[in-house]
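Below is one structure, written out as structure tokens, with a few remarks after it.
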Amino acid sequence: MIFLKKISKSYSKNKTPSNVNLSNKQYMYTSFDDTLDKIVRLLKSHQSEFLSGEELSKSLGLSRAAIWKNIKKLQSLGYKIKSRQKSGYRLVAKTNLMLPWEISDGLQTETIGRKIYYFNTIDSTQNFALNIALKPHENGSIVISEQQTHGRGRQNRKWASPRGGIWLSVLLKPNFEISQASLFPMLTSLALAMSIEKVLRLRPKLKWPNDLTLDDKKVAGILVDASIESNQIDYLVIGVGINFKIQPSAITKIVKNSENFYGVTTLVGKKEKADPILLLQSFLYELEQLYNKLVANNFHEIKSEWEKRSSTIGRNVSISHPSGEIKGKAVGIDNDGALLISSKGKTQRLLIGDVTYQI
Ligand code: BTN
């Protein structure tokens, strides 16, 4: 199976969100514990005026002391909230964190991203998503973290995940046969490219199998873990790592010795301003749209949009493959996502491998 790491079922059975052990520097918020969400909503809808503690406490059915405690919590999460005796509270600026209620506010999807698990830090969002995959009602859930301590890349490589990036896993339970699982990395990389074009007005390229690049340097990567039952997909966890606003030199230091390193870059520069939430919302929307197209059997449109943005098709490439080095010209993508390589009059289909461009 291409690009997919098959995982054993037993791995996902035990941990559920209710028994996640958080270290003392770690916190988690979800889209379904909603007190903070409600307070932020109320403050946002009254941004030009102060909202009294009494009004907040009446609307939410909480004591004044509980309101004060939650306001303090929001301030510690980066919200600028003015508090004035006798007048109450006023929201001056929202946080930069990708908190669940900020993602939900304005999200236009029906399923993907409707349930959110948020962490300030975690080993890997991918691992957490795998741990909840067997619970009911998790189709479309996302797990997001501001940073990861043990981010995983393709082919068991390390994925450097400092603050400033978007580190995200999407859990899907498609009613598909395993042969279709290999289409998901393509779908995801295309959705991400389209959202970057729309929100940031940049033109990333797609490097087979599913890297996003800017100026031929890597700006995002995708990893899919799949659980398979007989001939059917049981669930997929799609891991998406986006170098949103990172320092390329810091990441380079960590990963420069790994195989296939070809440079790292960032979508947003140090001095530029951009809201990761807007990119995230747009990406989840595009992903859902493309997913619906796949469900409706419309893969051809996805393939042709992917090929349009590809930096691989038409190039002379060398591919490190388990069976050895393969050289030739990349001439297209097959209907299952395989790369078609032409060399000495023959065309080969490749399902896995790392591409290097020949000059
Ligand atoms: C690649 O090697 O190009 C794929 C990188 C995928 C990284 C993402 S970040 C969110 C999710 N959690 C992980 O540990 N890995 C994926």
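The values are calculated or read from the model by the stated rules, or taken from the named source; none is laboratory data. Here the structure is a predicted model, which is why all the values come from computation and not from measurement. Here the Cβ positions follow ideal geometry from the backbone for every residue, glycine too, while neighbour counts run over all protein chains shown.
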* **Close pairs from segment 122-147: first farther than 19 Å from GLU286 by Cα and among the charged types (D, E, K, R), partner more than 14 Å from the ligand (Cβ to nearest atom) and part of a strand (DSSP E or B), Cβ under 6 Å, at least 6 apart** => GLU146/ASN120
* Limited to segment 58-111, what total is found for residues that are surrounded by fewer than 17 Cβ atoms within 10 Å (Cβ to Cβ) and over 32 Å from the mean Cα position of the chain (by Cα)? -> 15
* Only one of these conditions is not met by ASN120: (1) more than 21 Å from VAL295 (Cα to Cα); (2) part of a loop (DSSP other than H, G, I, E, B); (3) out of contact with any Lys or Arg (no Cβ under 6 Å at 6 or more places or on another chain). Which number is it? -> (2)
* To do: Look through GLY324, GLY337 and report the one residue that is surrounded by 14 or more Cβ atoms within 10 Å (Cβ to Cβ), at positive phi and outside the structural domain of PRO209 (by TED's automatic domain parsing).
  => GLY337
* To do: Among the candidates GLU272, GLU259, single out the residue that is among the charged types (D, E, K, R) and either assigned by TED's automatic domain parsing to the domain that holds ILE341 or away from the ligand (no atom under 16 Å from the Cβ) (or both).
  => GLU272
* Structure fact -> Taking segment 220-236 and keeping residues among the small types (Gly, Ala, Ser) and under 12 Å from ILE178 (Cβ atoms) leaves ALA226, SER227, SER230
* Asked: at pLDDT 95 or above, within 16 Å of the ligand (Cβ to nearest atom), in contact with a strand residue (DSSP E or B) (Cβ under 7 Å, 6 or more places away or on another chain) and outside the structural domain of GLY165 (by TED's automatic domain parsing) - does that describe any residue in segment 64-72?
  -> no
